[in-house]
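Below: one structure, written as structure tokens.
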Amino acid sequence: MAREDTGLSGVAGRYALALLDLADEKRQLDAVAGDLRGLLSTIEGSDDLRRMIRSPLFTRAEQTKAMTAILDKAGVGDMTRRFVLVVAENRRLFVLPQIIKAYVAELSRRRGEVTAEVTSAVQLSEAQQTALVEALRAKVGGKVQIEMKIDKSLIGGLIVKVGSRMIDSSLRSKLQRMQLAMKGVG
């Protein structure tokens with residue numbers, strides 16, 4: 001299969017493209033993407049898991065055994081399971097988060113979708129997320145996917161990143177700007 005110029009390079013890019021091609025061939029693009037998003041969420045939510053995949057002190061067998069248990073508990077599909085275990089066998093778990101992000105980004109790019117990273121102080125309701133997607137779609141003029149993150153330190157409001165553009169309407173930033181303005185007055 002001929003590849004168009006994707007801009008993906010390095011270990012993570014090569015693994016992501018290989019998985020993308022395989023998932024496309026087996027018509028499992030969305031299933032694999034869902035599995036990977038769940039796995040990334042698990043990795044980001046566990047300090048111990050991040051330490052295990054990054055540390056060269058764990059043996060190949062230990063990493064493979066740990067990932068097998070995590071994949072079993074997560075209930076991922078066979079293709080995702082086999083792929084992650086190959087990554088573990090090849091001692092490349094340290095780049096797994098980047099592989100996942102590269103896979104999702106390339107899949108979105110191929111579909112003409114734009115991914116917006118949205119950080120809020122609290123979980124947005126489905127209605128709020130739908131309204132946000134519609135507002136972003138009107139601004140960027142295309143399909144929009146949102147990746148939600150929670151950061152309680154924002155106090156309120158949102159931070160929205162689309163590509164290289166960022167809109168920060170969080171209360172934390174507004175208070176910081178007000179504090180700077182007040183320092184300038186005194």
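Values as computed for the structure displayed
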| read-out | value |
| --- | --- |
| Number of positions in the range 94-131 that are part of a helix (DSSP H, G or I), modelled with pLDDT of 90 or more and either closer than 24 Å to Gly156 by Cβ or open to solvent by 40 Å² or more (accessible area, probe 1.4 Å) (or both) | 9 |
| Filter result (open to solvent by 60 Å² or more (accessible area, probe 1.4 Å) and at negative phi) within the range 132-146 | Glu134, Arg137, Ala138, Lys139, Lys143, Gln145 |
| Which listed residue is within 28 Å of Arg37 (Cβ to Cβ), open to solvent by 70 Å² or more (accessible area, probe 1.4 Å) and of a type outside the set (A, V, I, L, M), from Lys183, Lys149 | Lys149 |
| Search result, residues across the range 152-168 that are under 22 Å from the mean Cα position of the chain (by Cα), surrounded by 13 or more Cβ atoms within 10 Å (Cβ to Cβ) and over 16 Å from Ala105 (Cβ atoms) | Leu154, Gly157, Leu158, Ile159, Val160, Ile167, Asp168 |
| Every residue from the range 79-93 that is open to solvent by 40 Å² or more (accessible area, probe 1.4 Å) and part of a helix (DSSP H, G or I) | Arg81, Arg82, Val86, Glu89 |
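The values are calculated or read from the model by the stated rules, or taken from the named source; none is laboratory data. Keep in mind the model is a prediction, meaning the values are calculated, not measured. Because the Cβ atoms are built from the backbone with ideal geometry, glycine has one as well, and the counts that use them run over all protein chains shown. The accessibility values were calculated without ligands, DNA or RNA, using every heavy atom of the protein model including side chains. Shrake-Rupley method; radii C 1.70, N 1.55, O 1.52, S 1.80 Å.
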